[in-house]
Amino acid sequence: MTVDVQVQECYAEAVKLGSIGIPYLYGGDTLAGLDCSKADSWVLKAGGILTSLMGTHELEKTPELLTGEGANMTLWVANTVLLEHSLLEFDMPGHGQQWWAARTKGTTVGFFDLEGGREYLAAAGFKPRRRP
């Protein structure tokens, strides 16, 4: 299976960011601290998919992304009354399905286990976005 170069670059950036221990910081948009949407858009920007860092509402609506699941990478975005959050799903050859995000206070940016996977995301109101 061939993985698109932009997705490969995004994955490499996600691995790099996950290895340096960046803390979750609500509203954070620097390597001193990132929130969920800024961390995800940082990765997507590194891959040349986005042109700037975005909040969850922007990620849900930007024309730089399409609706639906991607082949090897999907951005999941929730903007509901109870939840504003985003995370990335990677499905890379040799690594399988992996979840990546800046999650909550007290955690660091990186890969994590998501109990329930896509079924949980759908039930919680997350919508898939993908690269064009």
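The values are calculated or read from the model by the stated rules, or taken from the named source; none is laboratory data. All values reported here derive from a predicted model rather than from experimental measurement. All Cβ positions, glycine included, derive from the backbone under ideal geometry; neighbour counts span all protein chains shown.
Of the residues Thr104, Thr80, the single one that is touching a residue at least 60 places away in the same chain (Cβ under 8 Å), farther than 20 Å from Glu9 by Cβ and of a type outside the set (Asp, Glu) is Thr104. When Leu87, Leu121, Leu66, Leu50 are checked against the criterion of being under 14 Å from Gln6 (Cα atoms) and either modelled with pLDDT under 95 or of a type outside the set (Phe, Trp, Tyr) (or both), a single residue qualifies: Leu50. For Lys16, the conditions (1) surrounded by fewer than 22 Cβ atoms within 10 Å (Cβ to Cβ); (2) within 10 Å of the chain's Cα centre (by Cα); (3) among the charged types (D, E, K, R) are fulfilled apart from (2).
Of all the numbered requirements in (1) touching a strand residue (DSSP E or B) at 6+ places or on another chain (Cβ under 6 Å); (2) more than 22 Å from Glu13 (Cβ to Cβ), Glu60 misses one, and that requirement is (2).
Of all residues in the range 111-127, those satisfying the criterion of being out of contact with any Leu (no Cβ under 7 Å at 6 or more places or on another chain) and surrounded by 12 or more Cβ atoms within 10 Å (Cβ to Cβ) are Phe111, Phe112, Leu114, Gly117, Arg118, Leu121, Ala122, Phe126, Lys127.
Confirm whether Glu58 is modelled with pLDDT under 95, more than 20 Å from Val3 (Cβ to Cβ), of a type in the set (D, E, K, R) and surrounded by 14 or more Cβ atoms within 10 Å (Cβ to Cβ). The answer is no for Glu58.
Among the residues of the range 60-71, are any within 18 Å of Arg131 (Cα to Cα) and touching a Leu at 6+ places or on another chain (Cβ under 6 Å)? Can you show your working first?
Let us first name the residues in the range 60-71 that are within 18 Å of Arg131 (Cα to Cα), namely 60-71.
Filter again for touching a Leu at 6+ places or on another chain (Cβ under 6 Å), leaving 64.
Looking through the range 60-71, at least one residue is within 18 Å of Arg131 (Cα to Cα) and touching a Leu at 6+ places or on another chain (Cβ under 6 Å).
Looking only at residues that are out of contact with any Phe, Trp or Tyr (no Cβ under 8 Å at 6 or more places or on another chain) and surrounded by 13 or more Cβ atoms within 10 Å (Cβ to Cβ) in the range 79-110, which one is farthest from Ala39 (Cα to Cα)? Lay out the reasoning, then the answer.
Let us first name the residues in the range 79-110 that are out of contact with any Phe, Trp or Tyr (no Cβ under 8 Å at 6 or more places or on another chain), namely 79-84, 91, 93-96.
Checking which are surrounded by 13 or more Cβ atoms within 10 Å (Cβ to Cβ) leaves us with 79, 84, 91.
Numbers: Asn79: 16, Glu84: 14, Asp91: 18 Å.
So, considering only residues that are out of contact with any Phe, Trp or Tyr (no Cβ under 8 Å at 6 or more places or on another chain) and surrounded by 13 or more Cβ atoms within 10 Å (Cβ to Cβ), the one farthest from Ala39 (Cα to Cα) is Asp91.
Scan the range 19-43 for residues that are closer than 16 Å to Phe111 by Cβ and buried (at least 18 other Cβ atoms within 10 Å of the Cβ) and the total you get is 8.
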